[in-house]
1. Restricting to the range 368-391, give me the number of residues that are within 18 Å of Arg402 (Cα to Cα) and open to solvent by less than 20 Å² (accessible area, probe 1.4 Å).
2. If Ala94 passes every condition in (1) under 22 Å from Gly306 (Cα atoms); (2) touching a strand residue (DSSP E or B) at 6+ places or on another chain (Cβ under 9 Å) but one, which one does it miss?
3. Just the residues that are within 17 Å of Glu55 (Cβ to Cβ) and touching a strand residue (DSSP E or B) at 6+ places or on another chain (Cβ under 8 Å), please, taken from the range 129-147.
4. Looking only at the range 95-114, count every residue that is over 20 Å from Pro283 (Cα atoms) and surrounded by fewer than 24 Cβ atoms within 10 Å (Cβ to Cβ) and tell me the total.
5. Ile252 is checked against (1) modelled with pLDDT under 90; (2) open to solvent by 60 Å² or more (accessible area, probe 1.4 Å) and fails just one. What number does that condition carry?
6. Restricting attention to the range 261-315, which residues are in a helix (DSSP H, G or I) and among the charged types (D, E, K, R)?
7. Kindly evaluate Arg433 against the criterion of being open to solvent by 20 Å² or more (accessible area, probe 1.4 Å) and either touching a residue at least 12 places away in the same chain (Cβ under 8 Å) or outside any loop (DSSP other than H, G, I, E, B) (or both).
8. Go through the range 295-304 and count every residue that is in contact (Cβ under 8 Å) with a residue 40 or more places away in the chain and either touching a Pro at 6+ places or on another chain (Cβ under 8 Å) or among the acidic types (Asp, Glu) (or both).
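The values are calculated or read from the model by the stated rules, or taken from the named source; none is laboratory data. The structure presented is a predicted model; accordingly, all values stated were derived computationally and were not measured. Positions of Cβ are generated from backbone atoms using ideal geometry, with glycine treated the same way; all protein chains shown enter the neighbour counts. Remember, those area values only see protein heavy atoms, side chains included, never the ligands or the DNA or RNA. Shrake-Rupley method; radii C 1.70, N 1.55, O 1.52, S 1.80 Å.
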Amino acid sequence: MAEQSPPFPSFRKWTPSRYRALLRAQGPGSVKFRTRLAILIGAVAIGLAATVFAEAADAAGEVFTHFSHRYHWAPLVVTPLLFAGLVWITRRFAPLARGSGIPQVMAAQADPERATGGLVSIRTVVAKAGLTLAAVLGGASVGREGPTVQIAAAIMGLTHRILGVPLRGAVLIAGGAAGVAAAFNTPLAGLLFAIEELASAYEQKVTLLVIAAIAIAGMVAQSAQGDYVYFGLIGAHMPIVTALVAAPVAGIVGGLAGGGFARLMLMMATGTNRVTRWSRQRPILFAALCGVIVAGLGVGTGLTWGTGYGAARAMIVGVDAPLWFGPAKFLATLSTAVAGLPGGIFAPSLSVGAGLGNLLRSVFPDSPASAIVILGMVGYFAGVVRAPLTAVIILSETTASRGLMLPMFATAFIADGVSQLVCREKLYHGLSRTFAMGRGDEGVGR
């Protein structure tokens, strides 16, 4: 007679040695546990740091606004001197803090452990934060979002070093993505930015890491700043018949302008023509001249200072703006970006895009003004960064205009294709090469 199997499955007998083995693999002393703890602590710290940095940048912008209104002509002297001084300080004490911060995070993935002593070190990002705030105080056309990415990656690196766990490139991706999410209050955009830009070869195993960091950092930032929409609850929409014409036009215009911006940036960073050679030989004087351009535009227009957030939001809600705003803001942002001082281009690019959308309103006078402006922002941002999914989700989340998703996708993909014809290399990828092996002495800044 065959032996009958027991009615219940047999369980392993838990012995003290097995408990000890489990604790070694999963307990508080294990690498896995400490890695998760490092990510948790890092994400919380990123949310707090992004909030503090955002409030400090807003306060610095308000100080300059009051200063420029009270002393209208003073920026013609103060801004160029500040540009020159900031570039001198950056080159002398923190060369890896120049520019946006996103190229540094991309370059840091090649050797994450070494990067914590340079590209994403605490010393570098402290200098980055302070110098970016100083640039805002001087009226430079810079944003805080790019620097937040570098700060966030440095925080992740620090928590891993403190807890003694290996640092992978995926952790820097997670930190940078969490920084984007916390800066804009756009968790989906943070995830897509990690996929499209920060990770050259995105791995499936990184997904949960990125999502966890974004969710935690986003919740912390939201609890501190409140549940807000970056540009306000716009809820723009557009009839499909109009979108079939407006989206391609916005995509072509945005792709040409954004690709042109990227090409000029890369030319100044990696080119070998006479202008770039001169700018490298006399970086302080070149920065001062860039400051003169920014100051002249700011004093002459009163609208091109800083991130341009106020002007962009006004155009989104339908307020008429001068047709020259977009080109003027383009020149102010380019002059600031090539000068070599720390600061990002995310927010100023959205402002330039709003200006381009404002130009297109005259082409489509019967279309919803807010929708046309938003399509201009999507087209230009996608043209500059060449991350079409990120562009769509950022504008969708920052304006609550999910009803405009299909026209935005069409605009973004057309802009991406047109931009590629103007500038073959993606902007941040090209700039990241100037930080290869942690070098800080190449290029004009950016």
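1. The total comes to 14.
2. (1)
3. Taking the range 129-147 as the starting set, the residues that turn out to be within 17 Å of Glu55 (Cβ to Cβ) are 129-130, 132-137, 142-145, 147.
Thr132, Ala135, Val142, Gly143, Arg144, Glu145, Pro147, listed by residue number.
4. Here the count works out to 6.
5. (1)
6. Arg263, Arg274, Arg277, Arg280, Arg313
7. On the way: open to solvent by 20 Å² or more (accessible area, probe 1.4 Å): yes; either touching a residue at least 12 places away in the same chain (Cβ under 8 Å) or outside any loop (DSSP other than H, G, I, E, B) (or both): yes.
The answer is yes for Arg433.
8. 3
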